[in-house]
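Following: one structure in structure tokens, then a few remarks.
The values are calculated or read from the model by the stated rules, or taken from the named source; none is laboratory data. Everything quoted here is computed from the prediction, not taken from an experiment. Backbone-built Cβ (ideal geometry, glycine too); neighbour counts: all protein chains shown.
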Amino acid sequence: MKRPSPLSRLVSARLLCLAVAGCLGLPAAAVAAGKENAAPPAAKASQGKAASGKPLAVSWDSLVPANWDPSAEFADLFADGAEEWDDSDPRAQKLYDRMRKVWDSAPTVNDYQGKLVRLPGYVVALEDGKDGLRELLLVPNFGACIHTPPPPANQIIHIKLDKPVKGFASLDAVWATGELQVARQNSEMGVSGYSLRNARLEPYKE
């Protein structure tokens, strides 16, 4: 099955600025996907303590170090009016390259290392076929890695399922449960800062 290609360099400077200004790109993803009023599952996820043997409900925000402020890396570009740059402006390409470097090296947190967690997100398929989905990225935003640039590494979770599962495809909203590991990995759709071991997927329901 052919997967959608990541929107790599063919992206407007204005969209990049929205992603940078929003730090995690939530507004940019919604607008780019044509769902300005859609609240991603991540926006509704709550963090709480897990009962014995139950997965810990975590939010995407909790996977970002509290003191990490990537917008500071681009203050000079905003001062130069980056949001007004035309797509063909060479500076827009430099903005993208700079953003990818910062995003791909985004710091992670160790609070949930080795813990059983549960969180919602959207599927970005990496490996799927007639037997079903085998490998994917879990992201907090609709269209991330497909309609918009990949989010920071600390907002991407790599999942390789023990067995292929049917009924899931890119852009589907799901609940993912598994043992969280801090592990940086590169893929054609983005750099992930975490992975889920022994993971299972469920259709997203509130």
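Below is a table of values for the structure above.
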{"item": "Subset tally (residues that are closer than 14 Å to residue 187 by Cβ and either touching a helix residue (DSSP H, G or I) at 6+ places or on another chain (Cβ under 9 Å) or not β-branched (Val, Ile, Thr) (or both)) for the range 132-148", "result": "8"}
{"item": "Some residue of the range 125-148 being touching a Ser or Thr at 6+ places or on another chain (Cβ under 8 Å), under 28 Å from residue 101 (Cα atoms), at pLDDT below 95 and not in a strand (DSSP E or B)", "result": "yes"}
{"item": "Qualifying residue in the range 91-106 (condition: in a loop (DSSP other than H, G, I, E, B) and without any contact (Cβ under 8 Å) to a residue 12 or more places away in the chain)", "result": "no"}
{"item": "Top-ranked residue of the range 126-154 - restricted to ones that are under 17 Å from the mean Cα position of the chain (by Cα) and under 14 Å from residue 176 (Cα atoms), ranked as surrounded by the most Cβ atoms within 10 Å (Cβ to Cβ)", "result": "136"}
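Residue-wise test of (1) more than 27 Å from residue 184 (Cα to Cα); (2) modelled with pLDDT of 85 or more.
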{"site": "25", "(1), (2)": "no, no"}
{"site": "38", "(1), (2)": "yes, no"}
{"site": "42", "(1), (2)": "no, no"}
{"site": "66", "(1), (2)": "no, yes"}
{"site": "72", "(1), (2)": "no, no"}
{"site": "86", "(1), (2)": "yes, no"}
{"site": "90", "(1), (2)": "yes, no"}
